[in-house]
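**Q** Can you read through this structure? Questions will come right after.
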Amino acid sequence: TLNLKATGGDFIFANNQQSAGLANDIKLGTSSHLNLSGDNNFFFGGGVQSSGDFAKTGTGFAQFAQDSSFVGDLTLNDGDVRITSGNTFSLVGATDTVTVGSNGTLGGGGTISANSFVIGGSLSADSAVFSSGNTAPNTNNTFGALTLSGQSVVLNDATFIYDLGTAVSLNSDDT
């Protein structure tokens, strides 16, 4: 199990390689879990692979800029988990579940796949632009499509956050 707590600064993983040029910031062994906590942020420029669960607590966010996979459940109690556009975050076990608590936000512009989803917090569709210099998710006017792929999705008082674009006002001269 790997426990990381971000307090007083962000964790930035970038330009790491597992082997033979395979970008992979973290690869955990058999039945290993990844637990992220704290009020600062985690940036994963490469993928994360684990054969265990993934848990996120604290008000900070975790942003994944490459494909990542876990063989366990994702439990998001607080803060954000964001997948950048064009990337996939997969829970690959037969019964794996994504659970988003009331203080959590699952977002980005990628694809999240799992057997089932239980959403009690927020879903945010945007492009989740990866930038290791940012200290907050880039969600300003960044259109994206967040895809949930699975057998079931349960929305339990879920909130949807989306960007409709720049406001346009018309007056009588604009006809």
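**Q** What is the extension gain from residue 162 to residue 3, computed as 0.36 nm multiplied by their sequence separation minus the C-alpha to C-alpha distance, in nm to one decimal?
**A** Contour length minus Cα-Cα distance gives 54.1 nm.
**Q** Also, I was wondering about something else. How many nm is it between the label spots at residue 147 and residue 102, if each spot is 7 Å from the Cα in line with the beta carbon?
**A** Label-label distance for residue 147 and residue 102, simple model: 3.3 nm.
**Q** Right, another one. Need the full-extension length gain, residue 154 to residue 30, defined as separation in residues times 0.36 nm minus the C-alpha distance. One decimal, nm.
**A** This chain segment gains 41.7 nm when fully extended.
**Q** Write down Rg/Rh for segment 1-100, rounded to two decimals, with Rg from the C-alpha atoms and Rh from the Kirkwood relation over Cα pairs.
**A** Rg/Rh for segment 1-100 comes to 0.94.
**Q** Could you report segment 71-116's accessible area per residue, 1.4 Å probe, as an integer in Å²?
**A** Per-residue value: 31 Å².
The values are calculated or read from the model by the stated rules, or taken from the named source; none is laboratory data. Here the structure is a predicted model, which is why all the values come from computation and not from measurement. Positions of Cβ are backbone-derived with ideal geometry, glycine not excepted, and every protein chain shown enters the neighbour counts. Surface accessibility is based on the protein's heavy atoms, side chains included, excluding ligands, DNA and RNA. Shrake-Rupley method; radii C 1.70, N 1.55, O 1.52, S 1.80 Å.
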